[in-house]
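Q: Pasting a structure here, questions to come.
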Amino acid sequence: MTDLRNFVTQLGMEDARSLLQSGNLVFDSKVRTGAELERFLETEAMDRLSLEVDFVVRTPDEWKSIIRQNPFRKEAERDPKHLVVMFLKAEPDVADVVALQADIRGGEIVKTKGKQAYIFYPDGTGRSKLTPAVLEK
């Protein structure tokens, strides 16, 4: 995480902070935002580190909207550790979401809003077969 914070700092981002070892950062960008910043970070990661990686960026206003649009508000208040928001590069195709929901064999519930997938894991994520790899597929 230190290397990731240093990377974005070298690119001009300010006040970079990380959340544990999650790969998530919070930082200030005075020049670029949104999709433009995503492309910039991806290009710089390739040019400087020979690393092909996706960056997903959300602005403070988008964060407010993500929280406001949470379809699992009651669950979030009652059991926040079982709620996950997955940030997507683009809005998913409705048919793909329907197919995913049909394939779920546990108690997990997936709802999408814009470029986010909200996932409630009533039995926790530890033993769930609905893994990030399955969701990305």
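Q: Given axes a ≥ b ≥ c from the Cα gyration tensor, I'd like to know whether the chain is rounded (a/c under 1.5), prolate (a/b larger than b/c) or oblate.
A: prolate
Q: Considering lysine pairs in the chain that are 8 or more places apart or on different chains, how many have Cα atoms under 23 Å apart?
A: So the count of such lysine pairs works out to 27.
Q: Separate question: Once a ≥ b ≥ c are taken as the square roots of the eigenvalues of the Cα gyration tensor of the range 60-136, is the result rounded (a/c under 1.5), prolate (a/b larger than b/c) or oblate (a/b not larger than b/c)?
A: oblate
Q: While we're looking at this one, here's another question. Using DSSP to call loops (not H, G, I, E or B), can you name the GluC sites (Glu not before Pro) in the range 9-92 whose Cβ has at most 10 other Cβ atoms within 10 angstrom?
A: Sparse-neighbourhood loop GluC sites (Glu not before Pro): E52.
No value in this document is a laboratory result; all are computed from the given coordinates. From a predicted model like this one, the values you see are computed outputs, not experimental measurements. Every residue, glycine as well, gets a Cβ built from its backbone with ideal geometry; the counts of neighbours run over all protein chains shown.
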